[in-house]
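The values are calculated or read from the model by the stated rules, or taken from the named source; none is laboratory data. Treat the numbers as computed from the prediction; the structure is a model and nothing was measured. Glycine gets a Cβ as well: all are built from the backbone with ideal geometry, and neighbour counts include every protein chain shown.
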Amino acid sequence: MRIIGHVGTETNASTFSDFLLVKGINNSVEEEAGKWAIWIHSEDEIPKATDLLNAFNANPGDPRFRQSRVVAAEIKEKELEEAEKAGKRRFDRSKIFKSTTPYGIGALTLVLIMASVAVAALTGLGSNLEVVSVFRISNHYGRGFNLPEVFHGEVWRLLTPILLHGSFLHIFFNMMWMFDLGSMVEARETSWKLLALVLVIGVLSNLGQLYFVGPNFGGMSGVVYGLLGYIWMKGKFDPASGLYLHPQTVVMMLIWFFACLFNFIPAVANWAHGVGLAAGMAWGALSSLYQNRRRV
């Protein structure tokens, strides 16, 4: 955001601000030493806005500037209505969940939870190594991208480690967060968006853990942290999306993240957590930037 110049009176500043708004240029005005500063929100709009300001200062009585006030009032009223709707979507969590399925959970979220529970039962929570070997990213130990099974066509291994869990608490907490975050994405966006997030973040987080540590890992937590990062950035930079995290949720999951990272909680796939969180945050931030540009 940058100042492009000043206008002599509050009335003229308000008129010019409305004119810019009608032109699709987001702006604000502030009083400074008896004059009114014009702030432009987007760097890309500065040259155009500067030319318009010069034209306005040369002839503030031009009818084209005055005629914009009615249209600007309509735009502001519409923006206020959209903000109120976004606020309701953001905080009325019971409606968010009820809008997905009668079970209060997104359809794909339910499938992912059921699949995780089924695999946990089949593997005896990781104790049946023969079954675990089918879902592991690779059965050849060592760091780096050593993936002979994948290169021979078993591409599902890039994703299936997210279904492996080694204890009751491990799967309980992952499924609790998956229920919450996955259902929110499905309700406010689509099941297809959640599927894309799970596929991309799941594969990236698995590859990150494999590269730095090796193939002996599993769990949905990389995806969960990816969804956390995605929703966190969408709520921060694109409030109209309706995606929102309570600050306490962010704090709790970040505390858990660093507790695992510094080995207060041992035997955790920390690289999967980190890569998943970074991928989700990047996706959420870039998606918000794209949506905001579309609305300008």
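Which one of these does G226 not meet: (1) over 30 Å from K78 (Cβ atoms); (2) under 15 Å from the mean Cα position of the chain (by Cα); (3) not in a helix (DSSP H, G or I); (4) not polar (S, T, N, Q)?
Just one mismatch for G226, condition (3).
I'd like to know if the range 263-272 contains one or more residues that are in a helix (DSSP H, G or I) and aromatic (F, W, Y).
So far as the range 263-272 goes, yes, one or more of its residues are in a helix (DSSP H, G or I) and aromatic (F, W, Y).
Quickly run through the range 58-72 and pick out the residues that are exposed (fewer than 12 other Cβ atoms within 10 Å of the Cβ) and either of a type in the set (A, V, I, L, M, F, W, C) or in a helix (DSSP H, G or I) (or both).
A58, P63, R64, V70
What pairs come out if I take residues in the range 1-16 that are touching a residue at least 40 places away in the same chain (Cβ under 8 Å) and part of a helix (DSSP H, G or I) and pair them with residues that are aromatic (F, W, Y) and surrounded by 17 or more Cβ atoms within 10 Å (Cβ to Cβ) whose C-beta lies under 7 Å away, six or more apart or interchain?
T15/F65; F16/F56; F16/F65
So, L164, is that one within 17 Å of A269 (Cβ to Cβ), crowded, with 18+ Cβ neighbours inside 10 Å and not aromatic (F, W, Y) or not?
yes
From the list L286, L243, which residue is over 16 Å from P161 (Cβ atoms) and outside any helix (DSSP H, G or I)?
Residue meeting the stated conditions: L243.
Conditions first: (1) within 19 Å of V198 (Cα to Cα); (2) in contact (Cβ under 8 Å) with a residue 12 or more places away in the chain; (3) charged (D, E, K, R). R143 passes all but one, so which condition is the exception?
(1)
Which one of I25, I38 is part of a loop (DSSP other than H, G, I, E, B), in contact with a strand residue (DSSP E or B) (Cβ under 7 Å, 6 or more places away or on another chain) and not acidic (D, E)?
Exactly one of I25, I38 is part of a loop (DSSP other than H, G, I, E, B), in contact with a strand residue (DSSP E or B) (Cβ under 7 Å, 6 or more places away or on another chain) and not acidic (D, E), namely I25.
Go through E32, E77 for me and flag whichever is free of Cβ contacts under 8 Å to residues at least 24 places away in the same chain and loosely packed, with under 12 Cβ neighbours inside 10 Å.
On inspection, the qualifying residue turns out to be E77.
If we scan the range 110-128, do we find a residue that is in contact with a Gly (Cβ under 7 Å, 6 or more places away or on another chain), at pLDDT 95 or above and surrounded by 20 or more Cβ atoms within 10 Å (Cβ to Cβ)?
Yes, the range 110-128 has at least one match.
Please determine whether any residue of the range 200-217 is under 23 Å from the mean Cα position of the chain (by Cα), under 23 Å from G242 (Cα atoms) and assigned to a helix (DSSP H, G or I).
yes
Every residue, every condition in (1) in the same structural domain as D180 (by TED's automatic domain parsing); (2) in contact (Cβ under 8 Å) with a residue 12 or more places away in the chain; (3) in contact with a Phe, Trp or Tyr (Cβ under 7 Å, 6 or more places away or on another chain), yes or no:
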{"site": "V213", "(1), (2), (3)": "yes, yes, yes"}
{"site": "L254", "(1), (2), (3)": "yes, no, no"}
{"site": "W271", "(1), (2), (3)": "yes, yes, yes"}
{"site": "V275", "(1), (2), (3)": "yes, yes, no"}
{"site": "A278", "(1), (2), (3)": "yes, yes, no"}
{"site": "Q291", "(1), (2), (3)": "yes, yes, no"}
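Taking the condition modelled with pLDDT of 85 or more and in a helix (DSSP H, G or I), does A55 pass?
So A55 passes the test.
Rundown of residues vs (1) among the aromatic types (F, W, Y); (2) not in a loop (DSSP other than H, G, I, E, B), yes/no style:
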site	(1), (2)
S133	no, yes
I137	no, no
Y141	yes, no
F172	yes, yes
F179	yes, yes
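Quick check, is G242 out of contact with any Leu (no Cβ under 7 Å at 6 or more places or on another chain), surrounded by 16 or more Cβ atoms within 10 Å (Cβ to Cβ), touching a residue at least 24 places away in the same chain (Cβ under 8 Å) and at positive phi?
yes
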